[in-house]
Amino acid sequence: MSYEQARDQLTEVVKRLETGGLTLEESLGLWERGEKLAAICEEWLEGARARLAAAMARPENGDDGSAAPF
């Protein structure tokens with residue numbers, strides 16, 4: 001599942017929980033689903049952070065890395 005898919009599904013889960021009117025069993029099921037979706041999002045974000053850190057650690061075109069990356 002992509003980050004965007006997990007994020008969108010998590011948004012829907014949160015909306016349903018905030019709306020209320022669910023049984024305890026339904027709420028617990030949605031909460032568990034939300035936890036799984038949040039973990040997927042966190043995994044994607046950690047991967048993105050690692051890739052950015054690796055890219056920023058590499059000098060570009062013989063640059064000594066002393067210049068700001070942006």
From the set of residues in the range 54-70 that are modelled with pLDDT of 70 or more and either assigned to a loop (DSSP other than H, G, I, E, B) or open to solvent by 60 Å² or more (accessible area, probe 1.4 Å) (or both), which is nearest to E12 (Cα to Cα)? M56
Could you give every pair whose Cβ atoms fall below 7 Å, whose first residue belongs to the range 1-25 and is of a type in the set (D, E, K, R) and modelled with pLDDT under 95, and whose second residue is surrounded by 12 or more Cβ atoms within 10 Å (Cβ to Cβ) and assigned to a loop (DSSP other than H, G, I, E, B), counting only separations of at least 6 or pairs across chains? none
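The values are calculated or read from the model by the stated rules, or taken from the named source; none is laboratory data. Bear in mind that the values here come from a model prediction, so they are computed numbers and not experimental data. A quick note on method: Cβ atoms are made from the backbone with ideal geometry, for glycine too, and the neighbour counts reach across all protein chains shown. These area figures cover heavy atoms from the full protein model, side chains too; ligands, DNA and RNA do not enter into them. Shrake-Rupley method; radii C 1.70, N 1.55, O 1.52, S 1.80 Å.
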